[in-house]
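The values are calculated or read from the model by the stated rules, or taken from the named source; none is laboratory data. These numbers were taken from a predicted model, which means no experiment stands behind them. Neighbour counts run over all protein chains shown; Cβ positions are idealised from the backbone, glycine included. Just the protein is used for accessible areas: all its heavy atoms, side chains included, with ligands, DNA and RNA removed. Shrake-Rupley method; radii C 1.70, N 1.55, O 1.52, S 1.80 Å.
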Amino acid sequence: MAEELRESSFQDELTGLPNRRYLLEHVNQAISDDSGRHLTLVYFDVDNFKTINDSLGHVTGDAILRCLAQRLEALKPSVDKVARISGDEFLVLVDDGDPSRIAQLVKRILQFIQKPLVFDGYNLSVSVSAGIARYPSHGHDFTSLLKAADTALTQAKQNGRNTWAFYEATMGVRELRFLHIQSELRQAFERNELQVFYQPQVDLVTEEVVGAEALLRWNHPTHGQIPPYEFIAVAEASGLIVPIGNWLVKEVCTQAMAWNEAGLGNLSVAMNCSAVQFRQGNLVQQVRWALYESGLDPRLLELELTESILIEHSEHVIATMHGLKALGVGMSIDDFGTGYSSMSYLKRFAVDKLKIDQSFVRGMLTSPQDEAIVRAIITLGHSFGMTVIAEGVEEISIRDALATHGCNHAQGYLYSEALSATAFQVFVQDRIESSFRSQRWV
Ligand code: C2E
Ligand code: CA
Ligand code: CA
């Protein structure tokens with residue numbers, strides 16, 4: 001059979017698995033032989049494969065794909081066919097249409113795939129996400145089933161990685177909404193429907209507001225408030241994040257300067273940077289210009305970067321980092337601990353601040369692992385001379401635990417959600433006044 005596969009170009013060279021063409025013919029044949037049968041197509045995609053490839057090299061990337069292929073093959077006879085259809089994408093065909101049995105199976109597959117792989121003495125754990133589509137409910141042939149499984153896969157990725165989703169008819173509606181948003185976002189930007197909100201950041205020792213994180217809001221005239229996780233992805237996909245980011249940096253600098261002049265103290269304002277801005281934009285010139293126009297002290301502007309930006313060792317990223325550093329602006333790493341945290345980039349890029357990801361903060365009183373991670377990040381940050389801030393702080397008990405461990409700053413609903421610029425100013429002034437009042441009575 002292997003011979004036959006090769007001859008008819010039905011085989012994927014890297015892994016030796018059947019390819020997309022093979023599966024297309026197989027599924028369509030099976031359906032035409034017996035249209036009353038039930039089939040399930042599962043679409044797997046490796047999480048963050050690009051990062052793995054970029055950081056560990058293509059040779060290791062290929063070796064990982066071959067290992068995954070072997071693991072999927074080893075699932076037979078629980079699954080009927082396994083194919084690799086491109087890059088890091090695999091398909092599994094199951095001769096069964098029972099949703100609960102399929103869910104059990106896919107869950108087991110995700111666990112099995114996650115078991116550590118050993119390369120050159122390294123232990124590596126790779127996860128995949130899965131989208132599931134069933135015949136005949138979700139498609140009448142291979143192409144329509146694949147499209148449905150792909151839509152479900154997108155949903156699974158949005159739900160957080162290392163998870164799976166069944167196709168639902170409403171997902172098509174969501175796709176339409178995505179396209180709709182894309183066409184409207186440009187106009188919205190021009191019509192000033194985008195706003196910047198500011199979430200206070202508080203010093204854990206003095207309880208004073210020391211800064212704010214700028215968060216985008218889209219106030220849509222008919223859809224209402226559209227959350228950032230819906231439109232940031234759209235803005236990144238369409239490249240619109242670059243002009244939006246350029247506008248944002250001016251807005252943020254002007255606002256920070258105004259607060260400074262209003263006597264709110266030396267508040268620093270942090271702004272989120274997308275990887276797309278790093279790759280495509282001329283971020284350094286934009287930031288330099290915004291600082292110059294507003295007259296803001298560069299130390300009061302902070303850029304929040306993600307680990308995925310720093311792990312890209314491209315010349316352009318490195319030059320941008322050095323350019324920003326030379327301007328004297330602060331640099332922090334957002335969602336620290338969720339990506340490929342690497343000691344070498346901390347040293348190389350002289351980052352000023354680590355932001356502990358919300359998931360660890362939220363779990364730190366219930367999960368010993370989360371608590372250990374939080375403490376490790378605080379120790380790591382301090383030994384590099386960095387400030388450490390915890391985000392997603394919702395409870396006093398968590399704030400107290402963070403303070404005990406020596407975490408410097410905190411941000412979260414316990415203090416306040418993100419506020420309009422005016423409301424933020426009132427929030428800070430109220431806190432200054434009430435601390436002044438309490439000091440007078442002591
Ligand atoms: P992020 O940078 O991790 O921002 C923190 C998010 O957590 C914000 O959601 C914030 O409102 C929310 N949050 C803060 N405190 C708490 C808390 O105590 N509990 C809970 N449950 N949530 C809390 P938001 O504003 O919806 O932003 C979501 C994401 O959108 C941001 O995540 C960021 O990745 C992206 N984003 C927002 N504004 C911008 C922007 O201007 N540029 C770029 N590139 N991305 C942005
Ligand atoms: Ca952030
Ligand atoms: Ca964050």
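The simple Förster model, with R0 at 30 Å and r as the Cβ-Cβ distance, assigns Lys107 and Tyr413 a FRET efficiency of 0.40. Rounded to the nearest 20 debye, the dipole magnitude of segment 42-119 is 260 debye, with +1 charges on Lys and Arg beta carbons, -1 on Asp and Glu beta carbons, and the Cα centre as origin. Dipole magnitude for the chain: about 300 debye, using +1 per Lys or Arg Cβ and -1 per Asp or Glu Cβ, origin at the Cα centre.
As a fraction of the 1.4 Å probe accessible area of segment 33-178, surface on carbon and sulfur atoms comes out at 51 percent.
Of the Cα atoms belonging to segment 2-167, the radius of gyration and Dmax stand at 15.5, 50 Å. Helical content of the chain, expressed as a calculated mean residue ellipticity at 222 nm, amounts to -16000 deg cm²/dmol (DSSP H runs of 4 or more residues, -39,500 (n - 2.57) each, divided by residue number, nearest 500).
What the pair-distance distribution of segment 230-368 shows, using all Cα-Cα distances binned every 5 Å from zero, is 2, 10, 18, 21, 20, 15, 9, 4, 1, 0 percent. Accessible area per residue for the chain is 48 Å², calculated with a 1.4 Å probe on protein heavy atoms, without ligands, DNA or RNA.
Pairwise Cα separations in the chain fall into 10 Å bins from 0 onward with the following percentages, short to long: 4, 18, 25, 24, 17, 9, 3, 1, 0. With contacts taken as Cα pairs under 8 Å and at least 6 residues apart, the chain reaches a relative contact order of 11 percent.
Among all helices in the chain defined by DSSP H, which have a length of 27 Å or more along the axis from Cα atoms plus a Kyte-Doolittle mean of at least -1.0? The qualifying helices are 170-190, 241-261, 421-441. Take every pair of alpha-carbon atoms less than 8 Å apart whose residues are at least six positions apart; their mean separation over the length of segment 33-115 yields a relative contact order of 39 percent. Secondary structure note: in the chain, about 60% of the DSSP beta bridges are antiparallel. Taking all C-alpha pairs of segment 216-260, those more than 15 Å from each other amount to 55 percent.
The dipole here belongs to segment 2-167: it is taken about the Cα centre, uses +1 on the Cβ of Lys and Arg and -1 on the Cβ of Asp and Glu, and is about 600 debye. Ranking Ile109, Ala390, Gly61 by how far each Cα lies toward the positive end of the dipole of the chain (charges on Cβ) leaves Ala390 at the top. For segment 192-440, the antiparallel share of DSSP beta bridges with both residues in that region comes to about 40%.
Determine the distance separating the Cα centre of segment 102-178 from the Cα centre of segment 255-323; give it in Å without decimals. Here the answer is 36 Å between Cα centres.
Simple spin-label estimate for Ala258 and Ser434 gives 2.5 nm between the two label positions (7 Å along the Cα-to-Cβ direction from each Cα).
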